[in-house]
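Here is the structure we will look at.
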Amino acid sequence: MTVPCVLLVDDQRDIVRLLHSTLQTLGHQMDIVDAPSGEEALLEASRRKVDLLVADYLLPGISGVELMRKIKVRNPDMKVIFISGMTERKARDEMLNAGAVAIFDKPIPLADFLDSVERSLGLVRTIFPMETGKDAEVHRQSLSELLGGLRQKIKADAVFLINDRGRVLARAGDLYDSSMEVSLLAALMGIYSAAFKVSRIIRQEHLDNFHVFRGGDHDLILIPVDGSHALLMAGRELGNSERILQTVEGMMFVRGDVENVLKSLGVTNTEEVAESAIPMGEAGESGNPPAFFEEQPEPEPEVDVDALFAAAGTGKAVKDLDAFWDDAVEKTGNLPINPDVITFAEAQKLGLKPGEAALKATGPLRSTGPLKNK
């Protein structure tokens, strides 16, 4: 098996070192080559076949897009990932139209970067793995057909079936820019999880909520399938008032078929997941407030270690550790937390015991209660 070659090009050495060491954590065999400029990158590319170019968009002397075009003359199948500090839509479109598989702003989200590298090189995905197994593959094909039909009917760019861990079980189509797919799906599933808890709190019999995000590269629509799966649709103008109802109705219709396939996989049904999704006390079904509203006990006072060592005499070697701590605790264990307060026993030793008149005026004193030292 041929070891893939990754060429890293950036004039900032810290970024190159970071990406180099990050790629090594994947555990895949790769030939990783560094170059601080476009000219040196061209020299390195003339010596070997390059499978993946990771380059800064703005390089001194030559742009990342120009570098990509020059190297692709010798490596037509090469994949490209761009690193950029620019956020303008025009620059992003130029990179995507040039054939970039991913674009990352600085600071670089490393999980998304590593996932893009694995997808670009066709490696086994360890950052964002797919479900595996013969049965899973058969059912994934069935789910992909369902999602593909929905995508064509709605004229969407992409449809995903994702689980509560953010993994893609099936998909049809791709996002306009898949660079941040890992972060996007993780964020969306966080929203889904919070909405699912709300559904439980208000005692919804069915999961009838959905979430719409308008604008940007896509409009996004997220609807729940069951307690641990959701459908995500991405496309232009899906959230417009004249299309939103049709889109959601189509997703709801396909949801039933998706549920049937998931059940054939042995996935826990909606009711069982819903009952176990929220710990007792958090959803409020018991009538009790959540645990974080309960009164917490006062924290124990911290032991003054410096005082312990000073009292025991740190200048001498400690031969008996147990004896050392027993002696230190005996001398300092009853030190008051408040320096203006002394115990009743200490007050007696100092001759400060209140008289009977004071006792009658203030009531009986507890042997363990503090007295103010005036």
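Things worth noting here:
- Estimated FRET transfer efficiency when R0 is 56 angstrom, pair Lys263-Lys70 (beta carbons, to 0.05): 0.60
- Seen from Pro224, the other residues with C-beta closer than 9 Å to its C-beta sum to a net charge of -1, counting Lys and Arg as +1 and Asp and Glu as -1.
- Cut-off 19 Å, label 7 Å out along Cα→Cβ of Glu145, residues of region 219-263 by amide N: 253-263
- If you take all other residues with their beta carbon under 12 Å from the beta carbon of Val6, and give Lys and Arg +1 and Asp and Glu -1, the sum is -2.
- Förster radius 25 Å - calculated FRET efficiency between Ala98 and Gln152, Cβ distance, rounded to 0.05: 0.35
- Label positions at Val198 and Glu40, each projected 7 Å from the Cα along the C-beta direction, are separated by 5.2 nm.
- Over region 1-123: Rg over Rh, Cα atoms, Kirkwood Rh: 0.92
- Förster-model FRET efficiency, 30 Å R0, Ile191 and Arg13, C-beta, rounded to 0.05: 0.20
- Pairs from the list Lys70/Lys90; Lys90/Lys155; Lys79/Lys263; Lys155/Lys197; Lys70/Lys106; Lys153/Lys263 with a Cα-Cα gap above 29 Å: Lys79/Lys263; Lys155/Lys197.
- Debye intensity ratio I(q)/I(0), log10, region 186-259, q values 0.12, 0.24, 0.27, 0.28 Å⁻¹ (C-alpha model): -0.32, -1.16, -1.31, -1.34
Each reported figure results from applying straightforward, stated rules to the coordinates on display, with no laboratory input. Here the structure is a predicted model, which means the values were calculated and not measured. Don't worry about glycine lacking a Cβ; one is built from the backbone with ideal geometry, like all the others, and counts go over all protein chains shown.
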